[in-house]
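Here's the structure we're looking at; comments come further down.
We did not get these values from a lab; they are worked out from the coordinates using the rules stated. Values in this document were obtained by computation on a predicted structure and should not be read as measured data. With ideal geometry, Cβ positions are generated from the backbone for all residues, glycine too; neighbour counts draw on all protein chains shown.
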Amino acid sequence: MNLVMIGTGYVGLTTGVGFASLGVAVACVDVDEAKIARLDRGEVPFFEPGLGEAMKSAQESGNILFTTDLKNVIGGADVVAIAVGTPPKITGEADLTALFAVADQVGAYLDHEAVIVVKSTVPVGTNRRVLERVRVAMTNAGQGELTSLIRVVSVPEFLREGTALQDFLHPDRVVIGADDEVASRIVDRLHEGIVAPRVCTTIESAEMIKYAANAFLATKISFINEIANLAERVGADVRDVAHGIGLDKRIGKHFLQAGIGYGGSCFPKDVSALEQISGANGYTFKLLSAVIEVNNRQRERFFKKIIQELGSLKGRRIAVWGLAFKDQTDDIRESAGIDIAQRLHASGADLAVYDPQAMDNARRVLSDHVEFAPTAIDAASGADALVVLTQWPEFREVSFQTLREAMVDPWIFDGRNCLADLDLAKYGFKYQGVGLGKYEC
Ligand SMILES: NC(=O)c1ccc[n+]([C@@H]2O[C@H](COP(=O)([O-])OP(=O)(O)OC[C@H]3O[C@@H](n4cnc5c(N)ncnc54)[C@H](O)[C@@H]3O)[C@@H](O)[C@H]2O)c1
């Protein structure tokens, strides 16, 4: 089977490499020339564990190529998959500009029967709009008589950055939203190397499954954060509460880590988009606005906790560990860590930051006055407090004796509770996490 994969971001590149590793002939297309040049040289342009090695093997086997020239590769495509970004507009609505631009280009060049697979996360109704645009562009290009041979299938992606390739190759399910069995079967065949339940459904249901899944996971996070806030009032430990409820199979243990809330390129935008979709359809999805509000408040609360303990931050040296929205990625989109670092800086703190992978991305958004330290210990050197904002495992591996000696004042504020079990008091640290017992805030 021949696949043209449009968009080589976290999803598109992983999908392209994943299918190539399963023996599909893949042409990856992107408008970003610099990115395509790097990919062509065998470099993955972002941090994603394991992707570089798999890409190299796929390149060596001749199953994958990278190009900016869609017209040149679309001729042989059985399936054209699209994974361009759908970022939020100011209103919360998904911005479909890139997706529709791709639909227009695909239609301008398609001259044979093909299935178009939309992997981007898109509001209900978008796949049909993509099909319509492709057909209009084909008609304008003189291929009007072929438009009935073009089908669109919604195949939303559920991979997580940090474990993207593994998630792609071993998903919990493959959702296939199609109008007819022919299209559904072609997409099923494309995925034949992937052993996972198929959810074959309508296009609209497939589009909805993706938003519902992310909104549900975000709800779990906001729920446990509310429990954490209450735990501080009543003197409970949210980690034990999460463990206690998570063992109940009806609840499940995942996404019950209290902290400074969710971020990243998906949850914030998808929850907002679902809220916006609800409103546009005359429905008030009450739960979603609370999920968003709790998430925003969680950052605010944590920031206030720092101020409550330290007083004015003006001229105080604060170390920040972690800027990526979670560990194992360099992605800082909607990162709670970036948000809190910016608040600390705006309050007059002298900031020294460190993240194992996200430094380059963070340099683009943080002030020039922020110090980018080469190691975690360097960031903490001379600090009045250390603020941990991403749960990188390596933060647990530092010598806490060395850390204590490097810092002026032994304060640690842990926005992810990732050092909570390390008995930091024995080194003389004062420690605050989220929801770890009585706290007046
Ligand atoms: N990142 C995730 O973890 C994740 C997980 C599941 C679903 N999704 C969804 O998948 C989609 C893609 O997300 P991402 O994080 O991979 O995005 P991304 O921003 O990392 O990558 C998008 C890519 O599309 C390219 N592009 C834009 N316009 C183009 C065009 N006209 N032709 C060719 N290429 C073009 C960009 O240059 C970029 O390389 C989004 O809808 C997102 O919501 C993302």
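Please enumerate the residues belonging to segment 4-23 that are surrounded by fewer than 24 Cβ atoms within 10 Å (Cβ to Cβ), closer than 14 Å to residue 168 by Cβ and more than 16 Å from the chain's Cα centre (by Cα).
Matches in segment 4-23: 21, 22.
Restricting attention to segment 159-183, and to residues there that are in contact (Cβ under 8 Å) with a residue 60 or more places away in the chain and of a type in the set (Gly, Ala, Ser), which single residue is surrounded by the most Cβ atoms within 10 Å (Cβ to Cβ)?
164
Please work out which one of (1) closer than 19 Å to residue 384 by Cβ; (2) without any contact (Cβ under 8 Å) to a residue 24 or more places away in the chain is the condition residue 426 fails and give its number.
Answer for residue 426: the failing condition is (1).
Output the number of residues of segment 184-211 satisfying the condition of being surrounded by fewer than 17 Cβ atoms within 10 Å (Cβ to Cβ) and polar (S, T, N, Q).
So the answer is 2.
Of the residues that sit in segment 115-156 and are in contact (Cβ under 8 Å) with a residue 40 or more places away in the chain and of a type in the set (Gly, Ala, Ser), which one is farthest from the ligand (Cβ to nearest atom)?
Only one residue fits best here, namely 125.
If you go through segment 171-182 one residue at a time, do you hit one that is under 27 Å from residue 264 (Cβ atoms), more than 16 Å from the ligand (Cβ to nearest atom) and among the acidic types (Asp, Glu)?
No, because not a single residue in segment 171-182 is under 27 Å from residue 264 (Cβ atoms), more than 16 Å from the ligand (Cβ to nearest atom) and among the acidic types (Asp, Glu).
Restricting segment 239-270 to residues that are away from the ligand (no atom under 15 Å from the Cβ), in contact (Cβ under 8 Å) with a residue 60 or more places away in the chain and part of a loop (DSSP other than H, G, I, E, B), which is surrounded by the fewest Cβ atoms within 10 Å (Cβ to Cβ)?
Within segment 239-270, the match that is surrounded by the fewest Cβ atoms within 10 Å (Cβ to Cβ) is 257.
Need pairs with beta-carbon distance below 7 Å; first residue aromatic (Phe, Trp, Tyr) and within segment 377-394, second assigned to a loop (DSSP other than H, G, I, E, B) and crowded, with 24+ Cβ neighbours inside 10 Å; sequence gap 6+ or separate chains.
Between residues of segment 377-394 that are aromatic (Phe, Trp, Tyr) and residues that are assigned to a loop (DSSP other than H, G, I, E, B) and crowded, with 24+ Cβ neighbours inside 10 Å, the close pairs are 392/322.
If you take the residues of segment 387-406 that are assigned to a helix (DSSP H, G or I) and among the aliphatic types (A, V, I, L, M), which of them is surrounded by the fewest Cβ atoms within 10 Å (Cβ to Cβ)?
406
More than 16 Å from the ligand (Cβ to nearest atom), over 30 Å from residue 9 (Cβ atoms) and over 18 Å from the mean Cα position of the chain (by Cα) - does that describe any residue in segment 321-328? Let's see the steps before the verdict.
So in segment 321-328, the residues more than 16 Å from the ligand (Cβ to nearest atom) come out as 321-323.
Still in the list and also over 30 Å from residue 9 (Cβ atoms): none.
Within segment 321-328, none of the residues are more than 16 Å from the ligand (Cβ to nearest atom), over 30 Å from residue 9 (Cβ atoms) and over 18 Å from the mean Cα position of the chain (by Cα).
Restricting attention to segment 4-42, which residues are within 14 Å of the ligand (Cβ to nearest atom) and under 14 Å from residue 194 (Cβ atoms)?
Result: 14, 15, 17, 18.
From the residues in segment 74-102 that are within 10 Å of the ligand (Cβ to nearest atom) and among the hydroxyl-bearing types (Ser, Thr, Tyr), which one is surrounded by the fewest Cβ atoms within 10 Å (Cβ to Cβ)?
97
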